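Structure first, commentary second.
Please treat every number below as a calculation from the coordinates, not as lab data. If you're wondering where the values come from, they're calculated on a predicted model, not measured in any experiment. Methodologically, a virtual Cβ is constructed for each residue, glycine included, from the backbone with ideal geometry; neighbour enumeration extends over all protein chains shown.
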Amino acid sequence: MTTDPKTNFRMAPSSQVLTNVLVQSEHVKDMVEEAAEELSSVNMVLKQELADRGSLPEVEDAIQKARQLKSKCKMLPKSCRS
């Protein structure tokens, strides 16, 4: 480790900083993928409920918002999704 002469803070080497950022990014990617899978499961249940019980405007709105979120996730660069 080196020390920044202006602030007197200890600084990690650049490679360690980049490694930490990569690990954090991979963790975020995993969390987003897990959330997307859970969202898809919720959507399937809601769609089935709508089919069984008839139309509910609030549920239809929730499904539409979920679809929009899912399409936003698909717009992420492929490297972020896989």
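Within the range 49-73, the set of residues being assigned to a helix (DSSP H, G or I) and in contact with a helix residue (DSSP H, G or I) (Cβ under 8 Å, 6 or more places away or on another chain) comprises Glu49, Leu50, Val59, Glu60, Ala62, Ile63, Ala66, Arg67, Leu69, Lys70, Cys73. If the condition is being among the polar types (S, T, N, Q) and closer than 13 Å to Lys70 by Cβ, then the range 25-53 contributes Ser40, Ser41, Asn43.
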